[in-house]
Amino acid sequence: MYCADYLGASGGAMPVIRAQPYDFDCPRDRVALLLIDMQRDFMETGGFGEALGNDVSTLRAIVPTVQSLLEFFRAQNLPVIHTLECHQPDLSDCPPSKRDRGTCLFESNALKIGDEGPMGRILIRGEMGNAIIPEVAPLPDELCIYKPGKGAFYNTNLDEELKALRITHLIVGGVTTEVCVQSTMREANDRGYECLLVEDATESYFPEFKQATEEMVRAQGGIVGWTATANDLKAAFSQMD
Ligand code: C5J
């Protein structure tokens with residue numbers, strides 16, 4: 001059953017966010033901020049992102065915006081959910097198709113998932129590199145979803161948690177735009193959630209992939225969802241205060 005089916009229409013306040021392809025009606029009592037994989041493994045040198053051959057510094061630009069969104073949601077007492085891409089130490093939840101291909105195979109010394117790197121074992125739950133960067137670290141009462149896949153719904157209890165919180169609308173940020181962020185938005189859309197991607201709170205190692213993802217999300221009347229800036233989101237909520 002889809003979330004909107006059993007929850008029915010929201011009776012609460014309805015900020016309207018200026019968005020693309022058209023305004024996003026965002027029921028205040030049904031919305032959560034979903035931050036995807038803001039981990040050291042992707043954002044800092046010595047982690048998975050760099051092991052894949054990427055310049056991780058390109059992702060740093062969004063940190064102040066993500067921080068400001070977090071502060072805004074916390075100040076408004078709205079739910080915040082963090083995801084972390086990670087695997088069990090025995091790699092039982094990491095298929096060979098991910099471990100073998102998700103690395104620079106042409107480099108003989110390339111690090112793979114589970115290998116010991118400068119920040120501990122790459123992409124393994126609990127290792128130093130797997131932690132969310134301190135600037136946007138979860139508060140003790142915020143929900144963290146540990147996900148073995150790219151989409152945050154695969155092999156996790158995210159759907160159940162969202163239903164328990166009566167969430168139907170997701171404000172999505174994090175990294176990387178075209179991989180885990182986009183996968184999660186598509187999974188969410190299939191499950192009946194309305195998703196808005198915050199353009200300046202998501203980043204890719206490839207600027208052209210970020211742009212393409214934003215266009216894909218909002219194409220064809222918002223086939224996956226909406227996009228908007230953090231300021232437009234905050235302005236819509238602030239108008240209701
Ligand atoms: C990747 C992610 N890129 N969080 N993960 O492998 O986007």
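The values are calculated or read from the model by the stated rules, or taken from the named source; none is laboratory data. Only a predicted model underlies this, so the values are computations on that prediction, with no experimental measurement involved. Virtual Cβ from ideal backbone geometry, glycine too; neighbours counted across all protein chains shown. To get the accessible areas, we keep the full protein, side chains included, count just its heavy atoms, and leave off ligands, DNA and RNA. Shrake-Rupley method; radii C 1.70, N 1.55, O 1.52, S 1.80 Å.
The overall shape of the stretch 131-241 is rounded: from the C-alpha gyration tensor, with semi-axes ordered a ≥ b ≥ c, the ratio a/c is less than 1.5. Counting only DSSP beta bridges with both residues in the chain, the antiparallel share comes to about 20 percent.
What the stretch 12-151 shows is 44 Å² of accessible area per residue, with the surface traced by a 1.4 Å probe over protein heavy atoms.
For the ranges 28-41, 197-210, what's the packing order if you count other beta-carbon atoms within 10 Å of each residue, average per peptide, and put the highest first? Working shown, then result.
Numbers: 28-41: 24.6, 197-210: 20.6.
Result, highest mean first: 28-41, 197-210.
Looking at the chain, what % of the alpha carbon pairs are farther apart than 33 Å? When all Cα pairs of the chain are counted, 15 percent exceed 33 Å.
In whole percent, how big is the carbon plus sulfur part of the accessible area of the chain, probe 1.4 Å, protein atoms only? The partial results should precede the final answer.
Details: 5300 of 10520 Å².
Roughly 50 percent of what the probe reaches on the chain is carbon or sulfur.
What order, most packed first, do the peptides 227-233, 68-74 have when packing is the mean number of other Cβ atoms within 10 Å of each residue?
Working: 227-233: 19.7, 68-74: 18.0.
Peptide ranking by packing, descending: 227-233, 68-74.
What relative contact order, as a whole-number percentage, does the chain give when Cα pairs under 8 Å and 6 or more residues apart are counted?
Details: 474 pairs, mean separation 65.9, N = 241.
Rounded, it is 27 percent for the chain.
Could you tell me which of the pairs Lys98/Lys234; Lys112/Lys234; Lys112/Lys210 are separated by over 29 angstrom between their Cα atoms in the structure shown? Where the Cα-Cα span goes over 29 Å, the pairs concerned are Lys98/Lys234; Lys112/Lys234. With angles folded into 0 to 90 degrees, how steeply does helix 207-222 sit against the dominant principal axis of the chain? Use alpha carbons for both and round to 10. Tilt of helix 207-222: around 30 degrees.
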